[in-house]
Each structure stands twice: as C-alpha cells, then as structure tokens.
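Before any comments, here is the structure.
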Amino acid sequence: MENLFSIQEVAKMTGLSAHTLRYYEKIGLILNVQRDATGYRQYIDSDVGWIHFLIRLRVTGMSMLKMKQFSDLRQEGNSTIVSRRELLEEHHQDVSSKIEELTLNLHKIEEKVEYYKALEATKKLYS
C-alpha cells in the first residue's frame, strides 16, 4: 500500500508551494492525483517521485514547454520511450554545456582573485 500525502505535506517534502503544485496539475505536468471523499488531493509516493524529477528538470534549466512535452510523452506510455530518452539526452547536453561554461567562468574568477591577492601581497611589501 502506498503512502498518502496531503498537498501541504508534499509542499514541505518538495519545497514547492501548494499553489505551484496545483498549477503543475492544472497545466498537465502532474496527472491523475487522487482525491479523498471530500475532494482533497491525496498524493502517493510515485507522485512525489515524479514531482522531485520535475524539480530537477526545472532547476537544471529545462523550459516549462519541454517539461510539458516530456510529461505528455510519459503519459502516452512505452511507445514514447525513445522520444523521452532523446529529450533527456538533449537536456543533458544543454546542462553539460552550461556546466562547462560555468567552470570556465569560475576559473577566470579564481585567476582574478589570485591576481588581487598578489597585488595585496606586493602592497604589504612596500608599506
């Protein structure tokens, strides 16, 4: 039996607001959320896992449009495995490129920090 979670519990678990969770459901990123007899959402473990994956996609820069595309493909089932893999490979390449660019920029900043440390050391020598 899967665990059941309220929207507030899922919000705490994921760091997303209840508003964002409802929005994700509204636009079709999160599908088939169960409801209790009074109409309150009841998320299950697999919903929470999917939400965590969506967060990873978003944090790594995937657009909402691409996330929706991936979600739609996922909903279609096994016939879309290749398309989903290709979409994730494209995103992986985008993330890898961003990491390379950030790494290069970080090295340039480190070089500048070392430059200023050297200037400070020189200044102390002549003071």
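The values are calculated or read from the model by the stated rules, or taken from the named source; none is laboratory data. Everything quoted here is computed from the prediction, not taken from an experiment. Reconstructed Cβ throughout: ideal geometry from the backbone, glycine too, with neighbour counts over all protein chains shown. Side chains are part of the model used for accessible areas, which takes the heavy atoms of the whole protein and leaves out ligands, DNA and RNA. Shrake-Rupley method; radii C 1.70, N 1.55, O 1.52, S 1.80 Å.
Computed values, structure above
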item: Selected residue [on the phi > 0 side of the Ramachandran plot and either of a type in the set (Gly, Ala, Ser) or out of contact with any Ser or Thr (no Cβ under 6 Å at 6 or more places or on another chain) (or both)] from GLY39, GLY49; result: GLY39
item: Filtered residues of the range 84-98 (kept if among the acidic types (Asp, Glu) and surrounded by 11 or more Cβ atoms within 10 Å (Cβ to Cβ)); result: GLU86, GLU90, ASP94
item: Number of the exception - SER79 against (1) surrounded by 10 or more Cβ atoms within 10 Å (Cβ to Cβ); (2) modelled with pLDDT of 95 or more; result: (1)
item: Only listed residue being farther than 25 Å from MET1 by Cα, in a helix (DSSP H, G or I) and either without any contact (Cβ under 8 Å) to a residue 24 or more places away in the chain or in contact with a Phe, Trp or Tyr (Cβ under 6 Å, 6 or more places away or on another chain) (or both), chosen from ARG84, ARG74; result: ARG84
item: Residues of the range 1-45 that turn out to be polar (S, T, N, Q), open to solvent by less than 60 Å² (accessible area, probe 1.4 Å) and in contact (Cβ under 8 Å) with a residue 24 or more places away in the chain, as a count; result: 3
